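Worksheet for the structure shown next.
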Amino acid sequence: QVQLVESGGGLVQAGGSLRLSCAASGSIFSITDMGWYRQAPGKQRELVAVITSGGSTNYADSVKGRFTISRDNAKNSVYLQMNNLKLEDTAVYYCNAHLARTYGSTWVNYWGQGTQVTVSS
């Protein structure tokens with residue numbers, strides 16, 4: 001069994017900051033990409049940021065320069081530092097990990113349960 005547990009969401013005023021954390025636990029052999037996605041009411045889930053096991057990153061244009069993704073491979077964890085938050089950043093944020101549970105097994109995407117981020121004016 002593999003679990004991804006997120007934390008760090010909440011209510012913040014526009015211009016403020018939040019830091020999301022996600023830890024993967026359970027039977028894990030290796031993790032390649034880890035990322036954050038978000039889904040606002042009435043909208044499709046979208047990529048926010050992704051980071052490879054080697055540390056390469058990619059961001060949605062809407063968050064470039066404001067959000068920073070990082071990871072700790074030893075802890076199977078990924079983080080999202082969100083600065084200068086805007087009203088349009090309000091969404092449920094989901095952690096994602098692409099991993100294999102054992103050597104030679106199929107690589108599968110796992111998702112966290114989501115954490116709410118609400119930005120108020």
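The values are calculated or read from the model by the stated rules, or taken from the named source; none is laboratory data. Predicted model only: the values in this text are computed from it and were never measured. Here the Cβ is made from the backbone with ideal geometry for all residues, glycine too, and neighbour counts use every protein chain on show. Just the protein is used for accessible areas: all its heavy atoms, side chains included, with ligands, DNA and RNA removed. Shrake-Rupley method; radii C 1.70, N 1.55, O 1.52, S 1.80 Å.
One quarter of the convex hull surface built on the alpha carbon atoms of the range 1-60 amounts to 5.7 nm², the projected area averaged over directions.
What dipole magnitude, in Debye to the nearest 20, does the chain give about its Cα centre under +1 on Lys/Arg Cβ and -1 on Asp/Glu Cβ? Each step should come with its number before you reach the end.
Numbers: 10 positive and 7 negative charges, 10 e Å.
It works out to roughly 40 debye.
Charge tally for Ser53 (other residues, Cβ to Cβ under 15 Å; Lys, Arg +1; Asp, Glu -1): 0. Think of a 1.4 Å ball rolled over the protein heavy atoms: the range 1-88 then has 54 Å² of accessible area per residue. The distance separating the Cα centre of the range 1-63 from that of the range 78-99 comes to 5 Å. For Tyr93, what charge total do you get from the other residues with a beta carbon under 15 Å from its beta carbon, if Lys and Arg give +1 and Asp and Glu give -1? Every neighbour counted, the sum reads +2. Within the shell defined by Cβ-Cβ distances under 11 Å, the residues around Ala14 carry a net charge of -1, with Lys and Arg each +1 and Asp and Glu each -1. In the chain, inverting the average of 1/r over every pair of distinct C-alpha atoms gives 14.5 Å as the Kirkwood radius.
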